[in-house]
Amino acid sequence: MINVALPKGRLGNRVFDILSNAGYDVKEMHSDTRQLIFTSEENGISYFLVKPSDVSIYVEHGAADVGIVGKDILLEYSPDVYELLDLGIGKCKMCVASLASFKDNPDVPLRVATKFVNITKNYYESINREIEIIKLNGSIELAPILNLSDVIVDIVETGTTLKENNLKVFTEILPISARFIANKSSYNFKTDEINKMADCLRR
Ligand code: PRP
């Protein structure tokens with residue numbers, strides 16, 4: 001039996017599609033339900049639906065053998081897992097964005113609002129820019145509008161959220177996409193089953 005942690009939400013819907021195309025029976029998960037565990041006895045798989053940012057926690061601790069997670073989460077939390085495959089879905093970019101009128105003043109620390117504290121620190125260290133981080137948990141785009149921050153570091157996928165809030169991208173920091181990851185000891189014990197799933201997803 002393999003335990004698979006899958007992200008809920010926007011990425012989740014795409015993940016269901018590729019699992020379904022790869023021959024895994026995930027139909028029930030499309031239904032409007034609050035159920036969090038789905039078991040397919042036939043394929044010997046249990047799926048757990050978790051918050052996207054928690055997928056790597058379940059996999060790192062071995063509560064799930066494998067999972068599908070955005071590269072943003074892997075870069076932010078550096079979990080001790082194997083990254084087996086770039087699934088090429090959930091493509092987006094980690095960007096610096098702000099009001100179109102924003103002008104950087106290099107003489108003062110830049111106030112940056114973000115969910116991604118480590119990615120932000122690493123990026124600004126790499127360009128030698130002093131910052132003050134304001135950690136938020138969502139609706140990051142509000143921060144420069146309300147002058148809580150000068151800029152934001154956040155994910156941009158379609159660009160709709162920025163556009164509808166009159167913000168623009170200043171810098172693209174990193175490309176992001178979904179990855180298939182495995183718990184290290186699960187991979188040693190269930191190598192064939194996990195490789196089989198990776199192969200199906202690759203195809
Ligand atoms: C993410 C991200 C942006 C938005 C970008 O938020 O933080 O707000 O998606 O997508 P877009 O470019 O297609 O508009 P999410 O939907 O995860 O919600 P959040 O505000 O709770 O972070």
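The values are calculated or read from the model by the stated rules, or taken from the named source; none is laboratory data. These numbers come from a predicted model, not from an experiment. Please note: Cβ atoms are built from the backbone with ideal geometry, for glycine as well, and neighbour counts cover all protein chains shown.
A few comments on the model shown:
- Selection of the range 163-191 for residues being more than 22 Å from the chain's Cα centre (by Cα), exposed (fewer than 13 other Cβ atoms within 10 Å of the Cβ) and within 15 Å of the ligand (Cβ to nearest atom) yields GLU164, ASN166.
- Flag if GLY138 is surrounded by fewer than 21 Cβ atoms within 10 Å (Cβ to Cβ) and over 22 Å from LEU167 (Cα atoms): no
- Neighbours by Cβ (under 7 Å, 6+ apart or cross-chain): first from the range 64-77, in contact (Cβ under 8 Å) with a residue 40 or more places away in the chain; second among the basic types (Lys, Arg) and crowded, with 19+ Cβ neighbours inside 10 Å: ASP65/LYS190; VAL69/ARG179; LYS71/ARG179; LEU74/ARG179
- In the range 22-40, residue modelled with the lowest pLDDT [restricted to those that are in contact with a helix residue (DSSP H, G or I) (Cβ under 9 Å, 6 or more places away or on another chain) and assigned to a helix (DSSP H, G or I)]: HIS30
- Residue within the range 146-153 that is within 13 Å of the ligand (Cβ to nearest atom) and touching a helix residue (DSSP H, G or I) at 6+ places or on another chain (Cβ under 6 Å) present: yes
- Check on GLY9, surrounded by fewer than 21 Cβ atoms within 10 Å (Cβ to Cβ) and touching a residue at least 12 places away in the same chain (Cβ under 8 Å): yes
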